[in-house]
1. Based on the mean of other Cβ atoms within 10 Å per residue, sort peptides 36-48, 81-93 so the most packed one is first.
2. Would you kindly derive the ³J(HN,Hα) couplings of the stretch 47-58 from the backbone phi angles with the Karplus curve 6.51 cos²θ - 1.76 cosθ + 1.60 (θ = phi - 60°), listing them in order in whole Hz, with x for Gly and Pro?
3. Rounded, prolate or oblate, given the Cα gyration tensor of the stretch 86-125, with a/c below 1.5 counting as rounded?
4. For the stretch 10-143, what is Rg from Cα atoms divided by 2.2 N^0.38 Å, rounded to two decimals?
5. Charges on Cβ only, +1 for Lys and Arg, -1 for Asp and Glu, centred on the Cα centroid of the stretch 14-122; of V104, H55, V45, which one is farthest towards the dipole's positive end?
Amino acid sequence: MSRIRGKDTRPELILRSALWMKGFRYRTSGKLRGKPDIIFTKAMVVVFIDGCFWHACPKHLIWPKNNAAFWKAKIMGNKQRDEDVTSALKRDGWKVIRLWEHDVRTRLNWCIAKIISCVTERKSVKPLRLVAERSVCVSAKDRSH
């Protein structure tokens, strides 16, 4: 299990790249419980992208036959920790979005729309691209008048 990547997985990179191209800026590390994959600090929104195997996706999980008791305990422990982390973050005022990796792969636009609507609803955060289009540059000459 030491070779299992816990950060910068393909679904994370796909989602982060799509959000970045839409003009939304985020953090990928912070001192929050549960180590969220994407953090919108001003809007207080965190996004977790849960792997289908590790977090017991009801659509895709196939329970291993070898060492079944170990895997059942491991995966159910992951699910319990997910619930604990979500509860703790919500108590602290964060909005928690949990997405399955298969949704990021197959319904990327839906995932992006869900995140963007939540972020803009929580805090009137406008994407940088829209802000840049509306802002006017004022040179030093113009300020002197």
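1. On the way: 36-48: 20.6, 81-93: 13.2.
Those peptides, ordered most packed to least, come out 36-48, 81-93.
2. 10, 10, 10, 8, x, 4, 6, 5, 10, 6, 4, x
3. Values: a/c = 5.30, a/b = 1.39, b/c = 3.81.
Verdict is oblate for the stretch 86-125.
4. On the way: Rg = 18.5 Å, N = 134, 2.2 N^0.38 = 14.1 Å.
That ratio works out to 1.31.
5. In the stretch 14-122, that residue is V45.
Throughout, read-outs are computed from the coordinates displayed, never taken from laboratory work. Because the structure is predicted, anything quoted here is derived from the model rather than measured. FYI the Cβ positions are ideal-geometry reconstructions off the backbone, even for glycines, and counts take in every protein chain you see.
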